[in-house]
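Working notes for the structure below.
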Amino acid sequence: MLNVEKIREDFPILKRKINNRQLIFLDSASTSQKPNQVIESIKNYYEMHNANPHRSIYQLCDEATQLYEDARKKVAKFINAKPEEIVFVRNTNEAMNLIMHSFALPKLHNPSEIIVSIMEHHANIVPWQLVRKNNGTKLNFIDLNEDGTLNLEQLNNSINRNTKIVSLTHVSNVLGTVNPVKEISKIVHENGSLFIVDGAQSVPHMTIDVHDIGCDFLAFSGHKMLAPMNIGVLYGRKEVLEEMEPFMVGGDMIKEVTTEGVIWNDIPWKFEAGTPNVEGAVGLSAAIDYLEKIGMENVREHEKELTQYALEKLSEVEDVQIYGPTNPEVKGGVVAFNVKGVHSHDVAYILNDFGIAVRSGHHCAMPLMKRLGIQSCARASFYIYNTKEEIDALIEGLEKVKMVFKL
Amino acid sequence: MIKEMYREIILERYKNPVNAGVVEDADVVVKDYNPTCGDVVEIQIKFNNGVVKDIKFQGHGCAISQASTDILIDSVKNKKIGDVIRITSEEFLKTLGIELSPLRLKCALLGLKILKTAVYSYLGAGGEI
């Protein structure tokens with residue numbers, strides 16, 4: 001079990017007051033807060049080691065290079081990959097764009113097909129729509145079952161010899177649905193297709209082993225797992241990465257440039273053009289240390305408990321509709337809901353008056369909103385620093401929302 | 001602040017808008033979005049001799065965006081195009097009479113932004129003032 005009280009002491013922002021109330025941060029699925037350990041690591045990097053890595057032979061440069069490459073090794077170990085399979089990007093969204101530019105656009109043509117699901121974040125929809133527009137490929141959407149889980153039967157029926165890519169989220173950022181990616185990976189690979197996993201909502205919250213899952217790509221963002229913004233990761237299976245063309249070109253990603261042409265650097269540097277985000281990598285490394293000290297199994301257990309509690313409490317509130325699975329075993333720490341007759345932005349705005357931060361809107365998942373028959377919803381999401389008392393405060397806040405709207 | 005923002009008139013107009021609907025023979029139809037909130041408003045206008053003859057809106061979104069559009073339409077019905085163009089954000093916010101945070105200003109001013117776009121696109125297409 002987590003010592004949440006002790007964990008909370010590591011997060012300075014949790015002491016902040018919003019509208020004279022203690023901040024209750026229930027929006028970690030958007031971005032997590034940062035512990036002192038991460039903040040200090042970045043400060044220390046700039047105070048002691050800052051230089052442009054991979055470029056010179058003086059000591060600071062050597063240290064900066066070491067820190068950057070050590071971070072890569074740490075990420076690799078964290079998800080059971082090889083360091084050369086870890087490409088640093090800005091975020092999950094950029095990782096998807098990298099796959100689009102370096103794999104899908106050059107290799108897929110009519111009658112190739114791509115499969116995604118209706119619960120995807122726009123980051124895992126729009127790149128494939130662009131491939132469809134440019135290359136005439138087909139894009140198929142897998143639907144949900146009534147309980148908010150993925151319709152695996154439909155996936156089985158849709159996949160065919162033209163299917164080149166299946167790209168699915170591991171955990172839905174709205175429904176919280178945990179998709180059985182290991183099982184899906186088998187289906188996809190038996191068909192000879194490539195399997196991309198959007199891990200933005202799973203890597204920060206549970207043990208991830210890319211070999212166990214068997215995926216070809218896994219994308220995730222540092223800022224959702226205690227690290228700074230603008231450092232993200234694309235894991236790519238070595239054999240696949242080696243076959244791919246670079247994403248962005250320029251400095252640091254080449255071996256030799258002559259006036260006639262260029263020889264690309266080896267993976268993963270081939271995909272990292274320009275001065276990298278060393279402070280981000282350093283922060284991510286510290287974040288992984290922090291999470292590993294707690295233990296990812298414990299993180300998951302804590303969130304399961306909070307999710308169970310939130311589902312129980314929310315279902316007791318009249319006029320509240322909950323979306324997604326109600327079984328915490330197949331649900332991440334994400335609970336989406338609406339108060340009947342009140343727009344989610346009004347819900348979030350009134351909750352803010354009580355210092356409570358929840359996300360509202362379409363959550364960059366407009367096709368899912370349409371599928372659910374709603375325009376928007378509110379979402380509470382949990383992490384290692386959240387407590388049951390905060391969920392109680394949320395419930396109290398929702399009663400206030402109903403009062404304001406005279407429900 | 002919450003009480004002041006969700007005044008009776010805002011809640012009433014959100015729940016029961018009086019200017020919601022469609023203008024069948026509209027001269028101009030403009031729809032726009034507030035991407036942060038996901039508010040959507042479409043305004044339809046029929047002009048006659050340089051005057052707003054009929055105007056209605058449809059949309060969905062937060063209480064502020066929908067109610068403020070409904071209230072805005074009250075104030076421009078039968079008004080001359082020249083007067084509609086001259087409505088400033090500050091004036092309209094005064095009419096609304098609610099205090100708003102910077103993010104919510106976008107909600108409150110969505111209707112006015114669309115109204116202005118609609119009037120200018122009507123004039124741009126050769127509509128008489």
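So the values come out like this:
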| item | result |
| --- | --- |
| Shape of the stretch A:5-130, Cα gyration tensor, a/c cut at 1.5 | oblate |
| Using alpha-carbon coordinates, inclination of helix A:388-404 to the longest axis of chain A, degrees | 60 |
| From phi via Karplus (6.51, -1.76, 1.60), per-residue ³J(HN,Hα) for the stretch A:365-380 in Hz, x at Gly/Pro | 9, 5, x, 5, 4, 4, 4, 7, x, 10, 8, 6, 7, 8, 9, 9 |
| Straight-distance crosslink candidates among lysines, where the alpha carbon sits under 20 Å from A:Lys400 and sequence neighbours closer than 8 are dropped | A:Lys17, A:Lys313, A:Lys340, A:Lys388, B:Lys3, B:Lys15 |
| Neighbour-count ranking [beta-carbon atoms within 10 angstrom, fewest first] of A:Glu305, A:Glu5, A:Glu279 | A:Glu5, A:Glu305, A:Glu279 |
| Coil-residue GluC sites (Glu not before Pro) of the stretch A:99-188, DSSP, other Cβ within 10 Å capped at 10 | A:Glu146 |
| Gap separating the Cα centres of the stretch A:208-280 and the stretch B:76-129, nearest whole Å | 48 |
| Pair A:His211, A:Lys182: separation of 7 Å Cα→Cβ label points (nm) | 1.4 |
| Sequence-distant residues sharing a close amide H with A:Ile18 (under 5 Å, placed H) | A:Leu23 |
| Folded to 0 to 90 degrees: helix B:63-76 orientation relative to chain B principal axis, Cα | 40 |
| Cα gyration tensor, the stretch A:39-292 - rounded (a/c under 1.5), prolate or oblate | oblate |
| Cα-based shape type of the stretch A:326-407, given that a ≥ b ≥ c are square roots of the gyration tensor eigenvalues and the cut on a/c is 1.5 | oblate |
| Among beta bridges that DSSP assigns inside the protein assembly as shown, antiparallel share in %, nearest 5 | 70 |
| Computed magnitude of the charge dipole of the stretch B:2-123 (debye, nearest 20; Cβ of K, R +1, Cβ of D, E -1) | 140 |
| Residue among B:Ile73, B:Ile98, B:Asn48 farthest towards the positive dipole end of the stretch B:1-99, charges placed on Cβ | B:Asn48 |
| J(HN,Hα) series, the stretch A:292-300, from Karplus relation 6.51 cos²θ - 1.76 cosθ + 1.60, nearest Hz, glycine and proline x | 5, 5, 6, x, 5, 5, 5, 4, 4 |
| Amide H contacts under 5 Å for A:Ile142, placed H, 5+ residues apart | A:Val116, A:Ser117, A:Ile118 |
| Size of charge dipole - the protein assembly as shown - debye, nearest 20, with Cβ of Lys, Arg +1 and Asp, Glu -1, no other charges | 1240 |
| Cβ-placed point charges (K, R +1; D, E -1), dipole of the stretch A:140-239 about Cα centre in debye, nearest 20 | 380 |
| Helix-only [θ]222 nm of the protein assembly as shown, DSSP H runs n ≥ 4, -39500 (n - 2.57) each, per residue, nearest 500 | -12000 deg cm²/dmol |
| Residues A:Tyr46, A:Tyr385 arranged by fewest to most Cβ contacts within 10 Å | A:Tyr46, A:Tyr385 |
| Positive-end residue, chain A charge dipole about Cα centroid, Cβ charges, pick of A:Met248, A:Ile18, A:Gly232 | A:Ile18 |
| Footprinting exposure proxy for A:Trp269, A:Trp264, A:Trp128 (fewest neighbouring C-beta atoms within 10 Å first) | A:Trp264, A:Trp269, A:Trp128 |
| Compactness of the stretch A:259-407 - radius of gyration and Dmax, Cα, Å | 20.6, 73 |
| Shielding by partners - mean other protein chain Cβ count within 10 Å, residues of A:346-354 | 5 |
| Within the stretch B:2-44, GluC sites (Glu not before Pro) in DSSP loop having at most 15 other beta-carbon neighbours inside 10 Å | B:Glu24 |
| Percent RCO, i.e. relative contact order, over chain B, from Cα pairs under 8 Å lying at least 6 residues apart | 29 |
| Share antiparallel - DSSP beta bridges, the stretch B:2-123, percent rounded to 5 | 95 |
| Diffusion coefficient, µm² s⁻¹, Stokes-Einstein with Kirkwood Rh over alpha-carbon pairs of the stretch A:187-305 at 37 °C and 0.692 mPa s | 201 |
| Length-normalised contact order of chain A in % [C-alpha pairs under 8 Å, at least 6 apart] | 22 |
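Read the figures in this text as sums done on the coordinates, not as results from a lab. Source: prediction; values computed, not measured. Positions of Cβ are backbone-derived with ideal geometry, glycine not excepted, and every protein chain shown enters the neighbour counts.
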